[in-house]
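One structure is given below, encoded as structure tokens.
The values are calculated or read from the model by the stated rules, or taken from the named source; none is laboratory data. If you're wondering where the values come from, they're calculated on a predicted model, not measured in any experiment. Heads up, the Cβs are rebuilt from the backbone with ideal geometry, glycines too, and the neighbour counts pull from every protein chain shown. Heavy atoms of the whole protein, side chains included, go into the accessibility calculation; ligands, DNA and RNA do not. Shrake-Rupley method; radii C 1.70, N 1.55, O 1.52, S 1.80 Å.
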Amino acid sequence: MLETLRRIVQEVNDAPNLRAALEVIVQRVKVAVKADVCSVYLTDFDKGRHVLRASDGLRPEAVDRVHLALHKGLIGLVCDRAEPINLQDATSHPNYRFIPETGEQPYNGFLGVPIIQHRRVLGVLVAQQREQRRFAEDEATFLLTLASQLAGAITHANASGELAAMQAAKRRQKRFMTGRPSASGVGIGTAVVAFRPAELRLVPDRPVDRPEEEVARFHAALDKASAEIGGLKQQMAISLSEEDAALFDAWAMLLRSDSLLNRVEELIQQGCWAPGALRRTIDEHCKVFESMEDAYMRERGSDIRDLGRRILSHLQHSQSLPPENYPASTILVGEEVSATQLAEVPVGQLKGIVCATGSSASHVAILARALGIPAIMGVADLQVGRLEGHELIVDGYLGRVHLQPPPSVLEEYAKLISEMHSQSAVLEQMRGCHSQTRDGERVHVYLNTGLVSETSSLGLEESEGVGLYRTELPFMVRDRFPSEEVQRNNYRRVLKHFHPRPVTLRTLDIGGDKPLPYFPINESNPFLGWRGIRISLDHPEIFLTQVRAMLRASVGLDNLRILLPMISHISEVIDAKRLIQQALDEVLQEGRKVRRPKLGVMIEVPSAVFQAEALACLVDFISLGTNDLTQYLLAVDRNNPNVGDLFSDLHPAVLKAIHQVMRDAGPQVEDISVCGEMAGNPLSAILLVGMGYRHLSMSAGGLLKIKYALSHIDLPLAQHMAASALCCEEPETVKILMERLLMEHDMLHLVAPTGAVGGS
């Protein structure tokens, strides 16, 4: 049954729309559990009913016409309980309701399982039998698994408007999907799908203007895949028998089969680009094999998928979208969106980012905030491959993605954008002003950066330097480690740009959600694994090259500060200081006039919180990375949308840890700063100032907001709010407390525009 389940799931994923997915489910389940009937009822809470949307076994004319009131019948009972109901004799159950239009009178055996998404019942999947029968336990779990798969298709159909069309609704339906609001703002534009390398199922359909060139590109990729398989055969020849090695010949024959070649070329000539034509062809071939009863022949489907991925990987080397082909207003959509994919969109054309995975603290969300681009992460059941070319609205305040929005919704958001521009004009009044509280307490604001495009006039003019320069970003957009000279030129540009203001360069912080394509790290839990300073110390050649580049870049400028990430042990600081001294000695021996830079550590893990005083005795300054600190304190993977709601840097435990660091380490160092997202959020920045922090580092978009917020608050009030927040027990209580403060001072617009589009 496991193999049957896998095949059905694949078919549901490949279905072009909800109607087709429902038909696949009812037909395949009926056969798999040997039932007489299989049906799907979808729940319409607005109209108070369950509607029959698909059936194999009931009268075809009953589909879309038969419905049951909520809480009525066995369907209503499954929905109310939100759990399976398995009955040997359904007709004797007090909740049984006979519906003559379905022709179901003879059916006694009943198994109904709820279709649930995010604690909400979307419908009921039902199997029925004429004679009395209690379905087996493995059959019940089989239906439950398929119901969870179906939930994703229903959610997408609701958001895209397909469900509304099925219901022939006269009123406006919800046509949006929700996720985690991760970068504020509103973006309206056309979806461009960013998909992972060699991920066939995510490849979207895109039109092509020059089919001949696309056919040539396909054949070039095919030649490379054939050569690759030939190389694999040669490599394995010593280890395999002649009979086993013949498998590679079979793969080569599959690659050159007329059915595959002709079908791909046919689809390209019809106007589909090569990756999309390949995906559709591979899917068609796999369906043929996977529908076969013979287990050996079924497995050939996985061989074909593997070949398809190989061809696609070679196609992708030549398939980056040319800059002129990006829409003027681009919404980047993907299960994941990388820094390189973000950087490929021409400057000024990226209007929004939508990710199926991740949270507001994931790396791409941080980059989005740095660039001032609205972003929504963790959008459940985002059908990425179906969104290419669709018009979208990205509401970074409410976490909503509107698909194909009607004119009325577009008009509402146009008004909201106009209001945002008005509020920006108010913030512009803070340009050139010192950052201080209303009663004159100075709070220094710095810039978090890492992309050249982030060093805008706003960040350059309004910050007092760079509090965090993420050196890993230039590493991520290359296909190899950058040389010392390349790094030196990059760092020199930043140091010179901000001179004489200080620039804090963080040493390489890869791992976790920041992998390098040419330095793969495969771990079951990368956030608790090999990352940050651990990699640097294990690979001193990488660390020394980077530190040398930093030191050489600072010659004659002397505004360099070096920051060590992910410190969890005192010994790591001692070892890093030894290597930095070695690099300094080398550069001095070369005759370069370099001053010893100030050294700092990031406090991002609980162990560093409790050893903050000891760490402070070894360095010149400390910087709190509140994004990772929150993640580790709350045991919440910040990239996991299933637990995204639990991630909150306003959690009392996080606030107490931040307060403890200031109390223990503050007196020991020259300065102690916050460079996480808390620093750029008015709700939390006021609390940080109340706890004693006077150095805040943030994205360029937060500089004027924080200046504005602090200019309306006296220091004693900030201290009072911090003391109150530290006494709270829930993050939501802290949030309400701070929102009330902003409202009382007419500053709530700093965290959400007053005219934010609500309702359904």
Open item on the list: Give the lysines whose C-alpha is closer than 29 Å to that of LYS593, dropping any in the same chain fewer than 8 places away, or say none.
Closed with: LYS496, LYS577
Task: Net charge of Cβ neighbours under 10 Å - reference ARG263; Lys, Arg +1; Asp, Glu -1 - done: -3
- [ ] Search the structure for amide H atoms under 5 Å from the amide H of ILE99, placed 1.01 Å from N in the peptide plane, and list their residues when 5 or more places away or on another chain.
- [x] GLU104
Task: Residues of region 1-41 with amide N under 16 Å of the 7 Å Cα→Cβ point at ASN95 - done: 41
Task: Volume per residue of the C-alpha convex hull in region 1-171, rounded to whole Å³ - done: 103 Å³
Open item on the list: Going by Cα centres, region 646-721 and region 37-59 are how many Å apart?
Closed with: 53 Å
Task: Cβ-derived FRET efficiency at R0 30 Å, GLU391 paired with ASP306, nearest 0.05 - done: 0.25
Task: Note, ³J(HN,Hα) from phi for region 716-723, Karplus 6.51, -1.76, 1.60, rounded to Hz, x at Gly and Pro - done: x, 5, 4, 5, 5, 5, 5, 4
- [ ] Order these peptides, 278-289, 410-421, by their mean beta-carbon neighbour count within 10 angstrom, highest first.
- [x] 278-289, 410-421
Open item on the list: Compute, for region 463-603, the length of the dipole vector about the Cα centre, with Cβ point charges of +1 (Lys, Arg) and -1 (Asp, Glu) only. Units Debye, rounded to 20.
Closed with: 620 debye
TODO: With a 1.4 Å probe and every protein chain left in place, work out the accessible area per residue of the chain in Å², rounded to a whole number.
DONE: 42 Å²
TODO: Rounded to whole Hz and in sequence order, give me ³J(HN,Hα) for region 531-537 from the Karplus expression 6.51 cos²θ - 1.76 cosθ + 1.60, θ = phi - 60°, writing x for Gly and Pro.
DONE: 7, x, 5, 4, 5, 4, 6
- [ ] Please sort 615-624, 576-585 by packing, taking for each peptide the average over its residues of neighbouring beta carbons within 10 angstrom, highest first.
- [x] 615-624, 576-585
- [ ] Show which lysines lie in cross-link reach of LYS224 when reach means a straight Cα distance below 17 angstrom and same-chain residues fewer than eight apart are skipped.
- [x] LYS233
Open item on the list: Please compute the length gained on full extension between GLU485 and GLN349, using 0.36 nm multiplied by the number of residues separating them and subtracting their Cα-Cα distance.
Closed with: 45.8 nm
Task: Shape call, region 532-571: gyration tensor on alpha carbons, a/c limit 1.5 - done: oblate
Task: Qualifying aspartates and glutamates (Cα of each under 19 Å from Cα of LYS415; at least 8 residues distant if same chain) - done: GLU391, ASP395
- [ ] Sort out for me the Cα centre separation of region 60-132 from region 379-417, rounded to whole Å.
- [x] 35 Å
Task: Per-residue ³J(HN,Hα) for region 708-714, Karplus 6.51 cos²θ - 1.76 cosθ + 1.60, θ = phi - 60°, Hz, x for Gly and Pro - done: 5, 4, 5, 5, 9, 10, 7
- [ ] With only Lys, Arg, Asp and Glu charged, each at its Cβ (+1 for the first two, -1 for the last two), find how big the charge dipole of the chain is about the Cα centre; round to the nearest 20 debye.
- [x] 1240 debye
Task: Förster radius 60 Å - calculated FRET efficiency between GLN589 and ASP209, Cβ distance, rounded to 0.05 - done: 0.55
Task: Square roots of five times the Cα gyration tensor eigenvalues for the chain, Å - done: 50, 35, 24
TODO: Using a 1.4 Å probe and ignoring any ligands, DNA or RNA, find the accessible area of LYS705 and quote it in Å² to the nearest 10.
DONE: 50 Å²
- [ ] Between beta-carbons, use under 10 Å as the cut-off and find the net charge around THR281, counting Lys and Arg +1, Asp and Glu -1.
- [x] -1
- [ ] Would you please calculate the Kirkwood hydrodynamic radius of region 637-755 over all C-alpha pairs and express it in Å, rounded to one decimal?
- [x] 14.8 Å
TODO: Name the residues whose placed amide hydrogens come within less than 5 Å of the amide hydrogen of LEU122, ignoring near sequence neighbours (fewer than 5 apart) on the same chain.
DONE: ILE115, ILE116, GLN117
Open item on the list: Could you compute Rg(Cα) / (2.2 N^0.38 Å) for region 392-450, with N its residue count?
Closed with: 1.68
TODO: Could you tally the net charge around PRO667, taking each other residue with its Cβ under 15 Å from the Cβ of PRO667, Lys/Arg +1 and Asp/Glu -1?
DONE: -3
Task: Relative packing of 503-510, 134-141, which averages over residues the other C-beta atoms within 10 Å, highest first - done: 503-510, 134-141
TODO: Quick one: which residues, 5 or more positions from ILE603 or on another chain, have an amide H under 5 Å from its amide H? H modelled 1.01 Å from N in the peptide plane, none for Pro or chain starts.
DONE: SER623, LEU624, GLY625
- [ ] Starting from the Cα-Cα distance between SER607 and ASN642, subtract it from 0.36 nm times their residue separation and give me the gain in nm to one decimal.
- [x] 10.0 nm
